[in-house]
Amino acid sequence: MAQTKRQMLTSVELYQDAKEVMPGGVTANIKHFPPHPIYMNYGEGAYLSDADGNKYVDYLLSYGSMMLGHGHPEIKEAIHSQMEQSGTWLFGTPHELEVTYANKIKEYFPSIDLMRYTNSGTEATLLALRFAEAYTGKHKVAKFEGHYHGGYNEVLLSVNPEISEAGQKNNPNSVPSSKGISAAQTNETIVLPFNDDHAFEILTEHASEIGAVVLEPIQGGFIPAEDDFMTKLRNITEELNIVLIFDEVKTGFRTNLGGTQALYGIKPDLTVLGKVIGGGFPMGVVGGKREILMVSSPVDEETTDVLKPKDVLFHSGTYNGHPMILAAGLRTINILENELDHVLNRTEKLKTELESLFFKKGIAMQAVGNGSMFNVILSEKQIRNYRDYQQSDMQTREKIDYELLNKGIYAKPLNRYSLSTCHKEAELEKTLNAYNEVLAEL
């Protein structure tokens, strides 16, 4: 079992206590890694400090959510101002900021005519699939092997399958990624090969059943779809009356202000956003074509009659469009309008410097990713999909990650790297120095 060498007695004690009140000692399975998760108790800028006083340059950034780093003063001010102006922190009614925020999103995502707010990216993808099914009347879903869209049954299939169970590369099996998923669900969710034209043959074969295709345009936040593949996917989904959903929970306002769809020049039917858009608070958005979103309207657009619940797509949530979160998210986007380019440039610099460092050490490595996210992949082979990634040297990568933890670089073993507006030259230098020491010790 991998180990960390820093003094972490408090984390160990807290983990033992946590196991008495939570399954496995964690509230989300992804927060665990052996021998125990590290308990953090303070964050500032690009840094986290753990319960034992160890300090880290944070590249996990709450899985990419903390685009402005930790404790940004303008986000604190936005939240406090919203509460002071409103006199409360939750109305439970419509409020003006819902409209203001929606117009800001539409400014950068022209594919979005209308939108609905949710409380997470997972909720948003689930709602997007319901929109697609209601709109098309077709109830099967197609997703890509290795892509993650949330922890619910329709999409928790073939996220990280064992290659021995995954089937043919160009016609993957639908493999449950969790207990509690029925055999019937594996038949309802069709798994496609990513960056592989065989996907279009499968879609054509099942066109009468599939209501939606959902994908991460950049798989896992770091493996990009190829331009030609995306163009073909857009064309065939339009031809077959299949709703195309871009899951931009990871990539929205991280690849650029308009997400990956701006990079590809493609308008999906529905877009799902999360993470960065809430400024570090729980939030999601589903947006897209007017005719699709209107299936959830409680009012007939022409007659203004109130519709019966059974005649519309039901969507609700007490905390949807939470005023404090919208205030934090709006301020985040306003800041990124001026600072995102700097983050993208620093990300490219770090990627280039890391690749050069590995090259000098004679180790095959690629810093794979677009925008302000990337992953360190130990392989000479071009990484086009999940199976290519699985063939990389993950054992050595994991050893490197644990040694980096000991030197104050936090990225969680085997996870991708995300940068924030607070990751400046000093943090890049700390990171490169730590890598240099770790590679020398391997």
query = Could you list, in sequence order, the residues of the stretch 105-155 that are within 21 Å of Gly321 (Cβ to Cβ), in contact with a Pro (Cβ under 8 Å, 6 or more places away or on another chain) and not small (Gly, Ala, Ser)?
reply = Asn119
key: Among residues of the stretch 398-442, those that are among the β-branched types (Val, Ile, Thr) and either free of Cβ contacts under 8 Å to residues at least 40 places away in the same chain or touching a Lys or Arg at 6+ places or on another chain (Cβ under 6 Å) (or both), counted   = 1
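Regarding the stretch 80-89, can at least one residue be identified that is part of a loop (DSSP other than H, G, I, E, B), closer than 27 Å to Phe253 by Cβ and in contact with a Ser or Thr (Cβ under 8 Å, 6 or more places away or on another chain)? Full working, then the answer.
Residues of the stretch 80-89 part of a loop (DSSP other than H, G, I, E, B): 87-89.
Imposing the further condition that a residue be closer than 27 Å to Phe253 by Cβ reduces the set to 89.
Then drop every residue that is not in contact with a Ser or Thr (Cβ under 8 Å, 6 or more places away or on another chain), which leaves none.
No: zero hits.
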request  = Scan (1) in contact with a helix residue (DSSP H, G or I) (Cβ under 6 Å, 6 or more places away or on another chain); (2) without any contact (Cβ under 8 Å) to a residue 24 or more places away in the chain; (3) of a type outside the set (Ser, Thr, Tyr) for the single condition Ile112 breaks and write down its number.
outcome  = (2)
Residue list for the stretch 246-270, filter: surrounded by 21 or more Cβ atoms within 10 Å (Cβ to Cβ) and either assigned to a loop (DSSP other than H, G, I, E, B) or of a type in the set (Asp, Glu) (or both) = Asp247, Glu248, Val249, Lys250, Thr251, Phe253, Arg254, Thr255, Pro268, Asp269
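Criterion first (buried (at least 17 other Cβ atoms within 10 Å of the Cβ), out of contact with any Lys or Arg (no Cβ under 9 Å at 6 or more places or on another chain) and at positive phi) does Gly362 satisfy it? Show your work before the answer.
Values: buried (at least 17 other Cβ atoms within 10 Å of the Cβ): no; out of contact with any Lys or Arg (no Cβ under 9 Å at 6 or more places or on another chain): yes; at positive phi: yes.
Judged against the criteria, Gly362 is not a match.
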message = Within the stretch 15-31, does at least one residue satisfy the condition of being more than 26 Å from the chain's Cα centre (by Cα) and β-branched (Val, Ile, Thr)?
response = yes
message = Of all residues being in contact (Cβ under 8 Å) with a residue 12 or more places away in the chain and in contact with a helix residue (DSSP H, G or I) (Cβ under 8 Å, 6 or more places away or on another chain) in the stretch 29-46, which is surrounded by the most Cβ atoms within 10 Å (Cβ to Cβ)? Just the residue, please.
response = Ala46
query = So which residues in the stretch 302-356 are hydrophobic (A, V, I, L, M, F, W, C) and either surrounded by fewer than 16 Cβ atoms within 10 Å (Cβ to Cβ) or in contact with a strand residue (DSSP E or B) (Cβ under 6 Å, 6 or more places away or on another chain) (or both), if there are any at all?
reply = Val306, Leu307, Phe314, Leu354
task = For Ile75, indicate whether it is in a helix (DSSP H, G or I) and within 30 Å of Ala426 (Cα to Cα).
result = yes
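Every number here is computed from the coordinates shown, using simple stated rules; none is lab data. The structure displayed is predicted, hence computed values, not measured ones. In this analysis, Cβ positions are derived from the backbone assuming ideal geometry, glycine residues included, and neighbour counts consider all displayed protein chains.
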